[in-house]
Amino acid sequence: MKRFLLVWMMSFLLLALFISVTGRAFASKWPGPQPDLVAGAQLYDKWYAALGVDAPQGDMPLWSRQSSNTRSGAETWRCVECHGWDYKGAQGAYASGSHATGFPGVLEAARMSADEIVSSLKGGQEPQHDFSAYLPDSAMQKIAVFLREGLIDDSEYIHPLSLKVIDGNQAHGKELYDATCATCHGADGTQILFRSEGVDETLADVANRDPFRFLHRTRFGVAGTEMPVGYELGWTPADGRDVLMYAQSLTRGQENAEVTGAGRGSGESGEGTPQTSLWTGILTGLGAFFVTFGSALLILTGLLLAGAAVVVVLRRRQ
């Protein structure tokens with residue numbers, strides 16, 4: 001009897017160790033579900049759309065320190081316009097081109113405390129970087145959560161010159177796209193068009209021209225709109241990479257289709273944004289739930305059966 005109890009105790013200890021190790025490994029790559037992280041990511045994208053307010057008048061005060069990016073007004077107040085969709089600013093995709101400003105990235109913010117980030121947003125390090133008149137403290141705290149826990153260096157997923165996906169799984173990306181994205185965007189990605197720089201773009205156009213933007217919004221949604229959020233569905237960064245790879249293979253250049261789904265402050269130059277139905281969201285969420293917990297249940301069952309088999313063998317030897 002003592003040997004029986006000892007074996008069962010060892011089995012549960014091994015199970016606890018397995019869950020602890022795998023849980024930490026997953027969390028080190030992608031934080032656990034946090035609504036503030038998603039909200040912070042959307043604030044980083046376009047804070048005035050996320051808050052449902054009008055953008056400040058004129059240019060952001062720091063904008064006058066650069067002359068390469070000719071945008072003006074509301075766009076100059078967006079975090080992403082200075083720091084980039086890859087979070088690297090002048091050291092990343094915005095090192096050149098029409099979005100270049102010379103301003104630094106924010107990847108290093110992951111090493112800062114929440115208080116330090118909020119202080120920076122209030123002009124603590126640079127007086128002209130003071131958003132305290134526009135952002136409530138709660139919004140700044142959410143941005144801090146995103147910067148500390150949600151940033152990912154996507155250079156490991158995207159080739160720096162071709163902007164194509166590196167080592168992706170296109171078949172897996174198609175499965176996720178068909179289950180979550182196709183309802184709104186269409187099977188070929190042309191059901192919603194995006195207006196950018198005066199040109200109508202399909203989803204494939206966006207995925208190929210600006211894959212970092214695609215990944216950010218696939219993970220965290222679009223500020224001021226409703227769409228499935230990969231992070232909330234349990235998608236890993238690799239899942240987002242696979243969806244991007246598949247999206248890059250879809251139909252490009254359908255400029256004659258109607259621009260649809262553009263909401264207030266939805267994106268650049270009135271770009272289209274997806275809307276999702278209640279049933280689509282429910283079914284998608286249930287699918288993600290059963291996949292995640294089904295896998296965990298299978299692992300748990302396997303470990304318990306293995307422990308039971310050991311017990312049976314030992315008892316027969318007595």
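Please tell me if residue 58 is assigned to a loop (DSSP other than H, G, I, E, B) and in contact with a Ser or Thr (Cβ under 9 Å, 6 or more places away or on another chain). Taking the combined requirement at face value, the residue satisfies it.
Condition first: in contact with a Cys (Cβ under 9 Å, 6 or more places away or on another chain) and under 20 Å from residue 235 (Cα atoms). Can you find one or more residues in the range 167-180 that meet it? No. When the range 202-244 is limited to residues that are surrounded by 21 or more Cβ atoms within 10 Å (Cβ to Cβ) and among the polar types (S, T, N, Q), the one that is nearest to residue 187 (Cα to Cα) turns out to be 202. In the set (1) of a type in the set (S, T, N, Q); (2) under 19 Å from residue 156 (Cβ atoms); (3) over 21 Å from the mean Cα position of the chain (by Cα), the condition left unmet by residue 132 is number (2).
Residue-wise test of (1) outside any helix (DSSP H, G or I); (2) over 25 Å from the mean Cα position of the chain (by Cα); (3) more than 19 Å from residue 209 (Cβ to Cβ); (4) free of Cβ contacts under 8 Å to residues at least 60 places away in the same chain.
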residue: 70; (1), (2), (3), (4): yes, yes, no, yes
residue: 75; (1), (2), (3), (4): no, no, no, no
residue: 81; (1), (2), (3), (4): no, no, no, yes
residue: 91; (1), (2), (3), (4): yes, no, yes, yes
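Bear in mind that the values in this text are calculations on the coordinates, not laboratory data. Everything numeric in this text was worked out from a predicted model, so none of it was measured. All Cβ positions, glycine included, derive from the backbone under ideal geometry; neighbour counts span all protein chains shown.
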